1. Express in nm, to one decimal, how much length is gained between GLN6 and ASN55 on full extension, taking 0.36 nm for each residue of separation and deducting their alpha carbon distance.
2. Would you mind calculating the gained length between GLN94 and HIS146 on full extension (0.36 nm times residue separation, minus the Cα-Cα distance), in nm to one decimal?
3. If the label point is 7 Å along Cα→Cβ of ASP162, which residues in segment 75-94 have backbone nitrogen under 16 Å from it?
4. Restricting everything to alpha-carbon atoms, can you work out Rg to Rh for the chain with a Kirkwood hydrodynamic radius?
5. If you take the beta carbon distance between MET85 and ALA27 as r and set R0 to 41 Å, what does 1/(1 + (r/R0)^6) give as a FRET efficiency, to the nearest 0.05?
6. Given H placed on each backbone N at 1.01 Å, which residues far from ALA96 in sequence or on other chains put an amide H within less than 5 Å of it?
7. Report the relative contact order of the chain, percent, no decimals, based on alpha-carbon pairs under 8 angstrom and at least 6 residues apart.
8. Length gain on complete extension for the stretch ALA39 to LYS127, per 0.36 nm per residue less the alpha carbon to alpha carbon distance?
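Rule-based calculations on the coordinates, nothing more; no lab input. What you are looking at is a predicted structure, and each value in this text was computed from that prediction instead of being measured. Don't worry about glycine lacking a Cβ; one is built from the backbone with ideal geometry, like all the others, and counts go over all protein chains shown.
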Amino acid sequence: MPTTLQLATPRLTLRPWHSRDRIPFAAMNADPIVMTYFAAPMTTAETDLSIDRYNLQLARDGFTMFAAEETSTGDFIGTIGMQIMRDTIPNLPQPAIEIGWRLRRASHHLGFATEGARAVIDHAFQKLHLPGLVAITATGNAASRHVMHKLDMTHHPHLDFDHPRMPTGHPHQRHVLYTLLNPLTTNG
């Protein structure tokens, strides 16, 4: 799969990462509001490692957590995409492909996560013929759970879990798991 892959929506371009994305992505990942449901804000070094991992994954798998920019302005707004889950979730067959999003604070509540995620789902199901996707978030993350519902994802309470990279006792350690099956490959 070429590393020049881009997905487009009416307002967004989802694309491979460029060096110009490092500074705004690091600023976004250092924002405690954006990172509320993570163990902690990320350092610049952690952000750089994420970008490197995302670009390698795109070259290897044909999908990744893309850099998301607002098409009309070219402004970096965050990341929307999918990745092979990095953590094993109890009772979830592996490998599982996780869809996700993280947006800068100024881009919250504008419908960008849903819009971008729909383009990712279309790519996953129609181009890559993946059988399904999963999404996870902290139990209390109502905004992300709202996006999952708008995407017609199904919550599986029996698969809720304590996230292995969250410290024991952290208020957002408990996570929910949602799935979406590819209707083009589902028997029935």
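1. Gain in length upon complete extension: 16.4 nm.
2. Details: separation 52, 0.36 × 52 = 18.72 nm, distance 2.54 nm.
Residue separation times 0.36 nm, minus the Cα-Cα distance, leaves 16.2 nm.
3. Within reach of a label on ASP162: 88-91.
4. 0.93
5. Approximately 0.95, to the nearest 0.05.
6. Residues meeting the criterion, in which the H sits 1.01 Å from N, are MET85.
7. So the answer I get is 19 percent.
8. 28.3 nm
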